[in-house]
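Only the coordinates and a few stated rules stand behind these numbers; no lab work does. This is a predicted model, so every value here is computed, not measured. Quick reminder, even Gly has a Cβ in these numbers, built from the backbone with ideal geometry, and neighbours come from all protein chains shown.
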Amino acid sequence: MRDNIQLAVIGAGPAGMTAARVAARHGVDVMLFDDHPDPGGQIYRNVERQTLDSAILGNDYAKGLLLVRAFRQGKLQYYPESSVWYLDKSLQLGVLHQKSTQQFRAQRVILATGAQERSVPFPGWQLPGVMTAGAGQTILKSAGMMPAKPVVLAGSGPLLLLLAWQYLQAGVRIDAILETTPRENFRRALRYLPAAIAASDYLIKGWRMIRAIKRSGIPWYKSVTEMRAVGDDELNRIHFTCGGQSHHLDCSVLMVHQGVIPEIQIAQSAGCQLQWDDAQQCWHPERDSWGESSQSGIFTVGDLGSIVGANAAALSGQLAGLQVAFQLGALNQKQRDKQAKSIRRQLDRHLAIRPFLDSCYRMSPQIPPDETILCRCEEVSVAQLKRVIESGCTGPNQAKAFTRCGMGPCQGRSCAASVEQLFASLLSKPLNEVGRFNARPPIKPITLGQLANSEE
Amino acid sequence: MFQSIDRQKSLVEVRLDGELISLAAGIPLAAALLEQEITLFRLSPVSGSARAPYCMIGNCYECMIEIDGIRQRSCRVTVREGMDLRRCLEGG
């Protein structure tokens with residue numbers, strides 16, 4: 001085991017790359033581990049080798065190249081294709097690289113594991129042909145591919161509109177957009193608009209996307225409810241309600257999106273305290289103004305800390321990088337604070353858009369119809385869970401024992417939020433009193449052979 | 001289900017359930033299979049229902065197939081010449 005790493009950073013998205021680079025610049029010995037073959041995270045996926053015309057992916061994506069180049073020039077050890085499969089309170093971590101595992105102990109750890117899409121189950125969401133909007137974007141960025149058939153986009157949130165805009169640029173036929181955002185959200189969000197003017201570039205970008213989509217003439221259904229995907233072995237039709245009427249559309253590719261939530265698996269398993277964020281309707285680790293969690297020495301940055309977007313993520317990474325350099329004696333307090341001041345000013349400007357966006361696309365929890373599969377891996381339906389809750393099941397962890405819900409290969413990543421929500425709704429309890437699935441290592445899949453091959 | 005936007009990628013041969021097929025090299029395996037109209041990745045072990053890639057970022061595990069003897073998420077593996085791919089098509 002290597003005992004002497006000063007800082008281990010997990011994740012090479014904007015927050016992780018920036019945190020690593022800033023700490024390294026001040027002389028900290030940094031190792032960065034990332035699952036992917038190239039740096040950039042999901043947002044700047046494949047940006048170094050991108051062959052698509054920048055008109056398709058947009059200017060914000062292209063900006064990621066500067067961040068990646070700066071990271072590549074940093075004096076740090078970068079380990080691509082390396083999965084961190086455990087992290088404990090003593091800051092010991094297990095890393096899987098190719099066919100073997102290695103253990104490290106670090107003096108500080110910065111978690112930059114980013115976000116995942118929020119799962120909002122509806123009948124038929126497990127059918128082949130239904131995928132997330134993020135999946136559509138990942139295939140676009142990493143494989144330069146678009147759907148070969150007409151698509152329907154459904155859900156709520158900026159990413160859905162961005163994908164619609166990108167697909168329009170690429171020439172994909174979009175048969176309809178089914179927006180599930182409740183109409184009253186837009187009215188409620190208006191009071192946050194004046195504060196959002198400080199981040200007017202976001203508003204302008206959003207307005208341009210919306211205008212382009214409107215001009216394209218794609219049917220855009222608003223306040224859609226009761227969505228249902230139907231098909232035998234794959235999707236062939238969607239049913240939904242809009243304006244009090246039922247509608248249906250034939251389609252073979254449906255991309256859904258309901259916002260993103262922090263990917264907290266590693267943070268949770270390392271014992272970082274979580275807090276419920278009512279505005280963003282998700283859990284994130286508690287953190288101080290530098291990003292340090294309740295576990296001393298473990299920091300959380302970027303979208304893991306709170307959903308903030310790529311620009312703010314990179315800035316939050318800088319703050320954590322500075323604090324680690326300060327704590328390890330590579331930087332004095334005065335130098336730290338001087339540098340942090342301008343970073344915080346920029347961060348505030350980027351964060352000014354959040355109350356407006358959070359309110360506009362606030363998720364309103366609903367209980368899906370009984371036949372809906374909540375846990376995709378173990379095929380546990382809403383009806384099955386309702387039965388155990390009604391017979392006195394105390395919380396999500398006990399529901400595992402009764403139903404196997406959350407015990408499949410995804411380890412509850414896809415169903416945790418909706419299971420908690422179901423408990424909260426049926427028991428009329430606030431979400432932070434319902435409890436959540438425990439997160440246990442191995443956080444990432446690892447074979448016995450890989451484990452046996454550990455390098456001492 | 002998907003098609004390349006700007007140009008044809010170089011192809012390599014792999015085996016899928018014992019049969020030779022050509023896939024685009026250097027991209028995520030799940031995307032390359034979708035390009036070849038392969039939309040069934042596995043059958044659910046519970047009911048035997050058909051499954052295919054859902055999230056493409058390694059979270060949902062729906063795209064798992066056996067790659068060179070180890071069950072892996074095909075969205076997280078890059079296509080290489082000579083891969084031996086087997087789908088788990090025995091549900092229930």
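Each of residue A:448 and residue A:386 was given a label point 7 Å from its Cα along the Cα-to-Cβ line. The distance between the two points is 4.2 nm. Partner shielding of B:2-13 amounts to 4, given as the average count of beta-carbon atoms from other chains within 10 Å of each residue beta-carbon. Once the C-beta distance of residue A:65 and residue A:222 is scaled by a Förster radius of 45 Å, the resulting FRET efficiency is 0.80 to the nearest 0.05.
Seen from all directions on average, the stretch A:273-362 presents a Cα convex hull projection of 5.6 nm². Ordering A:391, A:352, A:14 by the projection of their Cα atoms onto the charge dipole of chain A, which places +1 on the Cβ of Lys and Arg and -1 on the Cβ of Asp and Glu, puts A:352 at the extreme positive end.
Using a 4.7 Å Cβ-Cβ cutoff, the cysteines of chain A lacking any partner cysteine are A:242, A:251, A:272, A:282, A:360, A:377, A:393, A:410. A dipole drawn for the protein assembly as shown from +1 and -1 charges on Cβ atoms has a positive end, and of A:26, A:111, A:194 the residue lying farthest that way is A:194.
Applying a 4.7 Å Cβ-Cβ cutoff to chain B leaves B:63, B:75, B:88 as cysteine residues with no disulfide-compatible partner. With a threshold of 22 Å on the Cα-Cα distance, the over-threshold entries among A:386/A:444; A:63/A:222; A:75/A:99; A:141/A:205; A:63/A:141 are A:386/A:444; A:63/A:222; A:75/A:99.
Give the Debye-formula value of log10 I(q)/I(0) at each listed q (0.11, 0.18 Å⁻¹), with one equal scatterer per alpha carbon of the stretch A:1-63, two decimals each. Once normalised to I(0) and log-transformed, intensities are -0.32, -0.70. For chain A, the dipole from Cβ point charges (+1 on Lys and Arg, -1 on Asp and Glu) about the Cα centre works out to 1400 debye, to the nearest 20. Based on the Cβ-Cβ distance of residue A:349 and residue A:433, what FRET efficiency does E = 1/(1 + (r/R0)^6) give at R0 = 41 Å, to the nearest 0.05? FRET efficiency, residue A:349 to residue A:433: 0.70.
Extension gain for residue A:333 to residue A:212 (0.36 nm times residue separation, less C-alpha to C-alpha distance): 38.7 nm.
Taking all Cα pairs closer than 8 Å and separated by 6 or more residues, the relative contact order of the stretch A:66-121 comes to 20 percent. Taking the charge dipole of chain B about its Cα centre, with +1 at Lys and Arg Cβ atoms and -1 at Asp and Glu Cβ atoms, the residue from B:38, B:1, B:54 reaching farthest to the positive side is B:54. For the stretch A:304-456, the Kirkwood estimate of the hydrodynamic radius, built from every pair of different alpha carbons, is 19.3 Å. Residue A:119 sits among other residues whose Cβ lies under 9 Å from its own Cβ, and their net charge, with Lys and Arg +1 and Asp and Glu -1, is +2. Treating the Cα atoms of chain B as identical point scatterers in vacuum, please give the log10 of the normalised Debye intensity I(q)/I(0) at q = 0.11, 0.22 Å⁻¹, two decimals. Those come out to -0.28, -1.12, one per q. Between residue A:245 and residue A:98, the modelled labels are 6.2 nm apart [label points 7 Å from Cα along Cα→Cβ]. Electrostatic bookkeeping for residue A:439 treats Lys and Arg as +1 and Asp and Glu as -1; over the other residues with beta carbon under 14 Å from its beta carbon, the sum is +3.
For the segment A:404-416, counting C-beta atoms of other chains within 10 Å of every residue's C-beta and taking the mean gives 3.
Counting only Cβ charges, +1 for Lys and Arg and -1 for Asp and Glu, the dipole size of chain B around its Cα centre is about 280 debye. For the pair residue B:70 and residue A:188, a Förster radius of 41 Å applied to the C-beta separation gives a FRET efficiency near 0.25, rounded to the nearest 0.05. The spread of Cα positions in the protein assembly as shown, taken along each principal axis and listed from longest to shortest, comes to 64, 59, 57 Å.
Rounded to the nearest 10 degrees, the inclination of helix A:133-143 to the longest alpha-carbon principal axis of chain A is 60 degrees.
Under a model in which nothing but the beta-carbon of Lys, Arg (+1) and Asp, Glu (-1) is charged, the stretch A:211-341 shows a dipole of about 780 debye around its Cα centre. Global size of the stretch A:141-279: 17.5, 50 Å for Rg and Dmax (C-alpha atoms, Rg to one decimal, Dmax whole).
The P(r) of the stretch A:380-456 has a tail past 15 Å containing 57 percent of all C-alpha pairs. Label-to-label distance, residue A:201 versus residue A:105, with points set 7 angstrom from Cα along the beta-carbon direction: 4.4 nm.
Between the Cα long axis of helix A:59-73 and the first principal axis of chain A there is an angle of about 20°, rounded to the nearest 10. Let me know the whole percent of all Cα-Cα pairs from the stretch A:1-139 that are separated by more than 20 Å. Beyond 20 Å sits 52 percent of the P(r) for the stretch A:1-139. Each Lys or Arg adds one and each Asp or Glu subtracts one; over the other residues with Cβ under 12 Å from the Cβ of residue A:46, this totals +1.
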